[in-house]
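Enquirer: Structure provided below as structure tokens; questions to follow.
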């Protein structure tokens, strides 16, 4: 079961979790989910660095994203920053401005 940061919630600072997280609101700072999945919903607006097992992006994020397994930009994604993961998928319609780095599986 995943926890959710709702559309009207604003988080400033560091977000650490030992479970999957869905974000629909705004986050400014750093997000760390070492062994879990982060899902950035279409209404989300993040100004954050992210470290997670996997990241699914449907909303907007400005910041570097490091994933141990995969990063997926869905058609509604808007990303500015560096992506680093063993597997990276950018779907048609997604907006991406930055650098892509494929890394070995951790």
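Enquirer: Check every one of the strands (runs of 3 or more DSSP E) wholly within the range 14-106 and list those with 3 or more residues that are closer than 21 Å to residue 1 by Cα. First the steps, then the outcome.
Expert: Values: elements: 21-23, 26-40, 45-57, 60-62, 65-73, 78-85, 87-90, 95-102.
Fully inside the range 14-106 and qualifying: 21-23, 26-40, 45-57, 65-73.
Enquirer: Of all residues in the range 47-65, count the ones that are within 15 Å of residue 16 (Cβ to Cβ) and within 9 Å of the chain's Cα centre (by Cα). Working first, answer last.
Expert: Quick first cut of the range 47-65, residues within 15 Å of residue 16 (Cβ to Cβ) only: 48-53.
Okay, now just the ones that are also within 9 Å of the chain's Cα centre (by Cα), so 48-52.
Summing the residues that are within 15 Å of residue 16 (Cβ to Cβ) and within 9 Å of the chain's Cα centre (by Cα) in the range 47-65 gives 5.
Enquirer: From the list 85, 89, 18, which one is out of contact with any helix residue (DSSP H, G or I) (no Cβ under 9 Å at 6 or more places or on another chain) and surrounded by 15 or more Cβ atoms within 10 Å (Cβ to Cβ)? Spell out the reasoning first.
Expert: Values: 89 fails: surrounded by 15 or more Cβ atoms within 10 Å (Cβ to Cβ); 18 fails: surrounded by 15 or more Cβ atoms within 10 Å (Cβ to Cβ).
From the options 85, 89, 18, the qualifying one is 85.
Enquirer: List pairs: first residue in the range 82-93 and under 11 Å from residue 70 (Cα atoms), second residue modelled with pLDDT under 95 and in a loop (DSSP other than H, G, I, E, B) anywhere in the structure, Cβ distance under 9 angstrom, at least six positions apart or on different chains.
Expert: If the second residue must be modelled with pLDDT under 95 and in a loop (DSSP other than H, G, I, E, B), the pairs left are 84/103; 85/103; 86/103; 86/104; 86/105; 86/106; 87/105.
Enquirer: Moving on. Which members of the range 92-102 meet the condition of being closer than 17 Å to residue 42 by Cβ and exposed (fewer than 13 other Cβ atoms within 10 Å of the Cβ)?
Expert: Of the residues in the range 92-102, the ones closer than 17 Å to residue 42 by Cβ are 92-96.
The answer is 92, 93.
The values are calculated or read from the model by the stated rules, or taken from the named source; none is laboratory data. This is a predicted model, so every value here is computed, not measured. In this analysis, Cβ positions are derived from the backbone assuming ideal geometry, glycine residues included, and neighbour counts consider all displayed protein chains.
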